[in-house]
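Working notes for the structure below.
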Amino acid sequence: MVNRSLGLAWLFLTPISAFAIPPTFSKAASLFGGKKTRIQSNVVQTEELPSDRMNLDMDDSLLNGADNDNTFVVDEEIDLLHASSKATKSWKTIRRSITAGPIQSNNLIGGTPLIDLSNILSLNENVKIYAKCEYMNPSGSIKDRIASFILQAAIDSGELKPGMTVVAATSGNTGSAIAAACAIRGYDYIVITNKKCSIEKIDSMKAYGGTVIISKSGLPADHPEHYQNIEDTMVAKNPEKYFGVNQYENHNNALAYEATLGPEIYAQTKGLVTHFVAGSSTGGTLTGTSRYLKSINPEIKSVLADPRGSVLWDAFVNKVPKDELIVGSWETEGVGKDSIPGVLDWDVVDGAQRGDDASSFFTCRKIASELGVLVGGSSGLNLHAASVLSGEIDNGVIVTVLPDSGVKYLSKIFNDEWMKDKGLMGAESKPENDSIYWRPDRDTFGVKLKDTSSFPNISSSIPNDERIAASTEEMNPKEQTESELHFLEDAAATMVDYYRQSIE
């Protein structure tokens, strides 16, 4: 009936949930008199748009990404979100433009491929495991997303002024991304890391022309020489000279992923994603991506992958107070934390998997030898957790991220002598022997979709689920169904007109 009423195959193939776009990111909302979002430093402002301005997004000034007051404006649509530069463009458009001719280097951020690792990692033939190739971003990691987003927001708000020096505390990848973003924008930078950081990442941070400070590793989080505290001290002493990225507390960190990675995952899986798995250091990837996916479909589950030794596991699973957390040691770079970052939002986290260095690095080597993809340790952590999860659900589509390339760890993960010295060779655990911790206050039974020709039944549940299945009428009341169909009929004409304008 929908197909006959609308005559639009693409509209018919879009799940109803795709129209339940959160106000922050809905271009459809602006078409019908909705909202647009402004990003100013750490503040997100939403402005109501009157219905007589429904075509506002078609203005040339907005298509170029800037309002009259030069404030960064988010181009609001599920798969048309891209925060690589002031011009918020479709990541699909950018990918297409690469084949058409030269583009700006800043436009290489995002739009990364989604690869299928199910054959070698999934413990269940009915569970897919997909991974975003974030190592394909220009500086070689997922952190390009936040570096560009945070700096541009600070420039637009006036917080980062010409002549200032950007300062960033980092475990490595953010330092390289900030260095690249500063090089593009003409700012000097100082990045601060610790001795745990691989020599490859330290060299990449230096390569863009700035300064790298290497602090001691293993210091308590409140120690004045802890790499995070060095950034804070420099900025506090000379705020007119230094702009602090403050990635662990800056909420534009999570917003960058909410505006880019989340929409990309939803679009690339055609809305069929059921679980998102990611490690956490700043909390940005897990928080921002999960917020977006849950805003579209609240049944999507988010799972934290955390290395043994990190305090995040005890904080989440055992509810240990912040001042009682005990920090261990681990070798996997870029994930895990010695304190709880302000960006991390536990409300969007449904479960956790406690990994370890040996299993993470073994997975990296497995992916390299069997798939020809060279990834870093945090990727191995994520993939091991995804594999564990695949053994605990009946059906599903698990998506995770490959934050950086194994090229940055040739002296460590892919060095047999280093692995042996650390006692990591042959010490890995099998995914089938590990488990996921699920929050007791959350329904962990995953997404249940109707079995239609457009959307296969990929219901995901814990084994031996004895709950009585809801009837079709209970799940899809006629009154609600009719209301949704009327909405689609009313929206069709406007969407067709909008689409015609966009391709002319």
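Within segment 284-321, the set of residues being of a type in the set (S, T, N, Q), farther than 19 Å from Glu249 by Cα and part of a helix (DSSP H, G or I) comprises just one member, Ser295. Part of a helix (DSSP H, G or I) and surrounded by fewer than 18 Cβ atoms within 10 Å (Cβ to Cβ): is that true of Ala386 in this structure? Here the answer is no, as Ala386 does not meet what is asked. Within segment 361-400, the set of residues being hydroxyl-bearing (Ser, Thr, Tyr) and either within 19 Å of Lys422 (Cβ to Cβ) or out of contact with any helix residue (DSSP H, G or I) (no Cβ under 6 Å at 6 or more places or on another chain) (or both) comprises Thr363, Ser369, Ser378, Ser379, Ser390. The residues of segment 383-428 that are farther than 30 Å from Ser176 by Cα and within 24 Å of the chain's Cα centre (by Cα), listed by number, are Val388, Leu389, Ser390, Gly391, Glu392, Ile393, Asn395, Gly396, Val397.
Among residues of segment 277-288 that are over 18 Å from Ser339 (Cβ atoms), those with a Cβ under 7 angstrom from a residue that is among the acidic types (Asp, Glu) and part of a helix (DSSP H, G or I), sequence gap 6+ or separate chain, pair up as Gly288/Glu258. Looking for something open to solvent by 20 Å² or more (accessible area, probe 1.4 Å), in a loop (DSSP other than H, G, I, E, B) and either at positive phi or in contact with a Pro (Cβ under 8 Å, 6 or more places away or on another chain) (or both) - is there at least one such residue anywhere in segment 339-354? No, every residue in segment 339-354 fails to be open to solvent by 20 Å² or more (accessible area, probe 1.4 Å), in a loop (DSSP other than H, G, I, E, B) and either at positive phi or in contact with a Pro (Cβ under 8 Å, 6 or more places away or on another chain) (or both).
The values are calculated or read from the model by the stated rules, or taken from the named source; none is laboratory data. These figures come from a predicted structure and were not determined experimentally. Cβ: placed from backbone, ideal geometry, glycine included. Neighbour counts: every protein chain shown. Areas reflect the complete protein model, heavy atoms only, side chains present, ligands, DNA and RNA absent. Shrake-Rupley method; radii C 1.70, N 1.55, O 1.52, S 1.80 Å.
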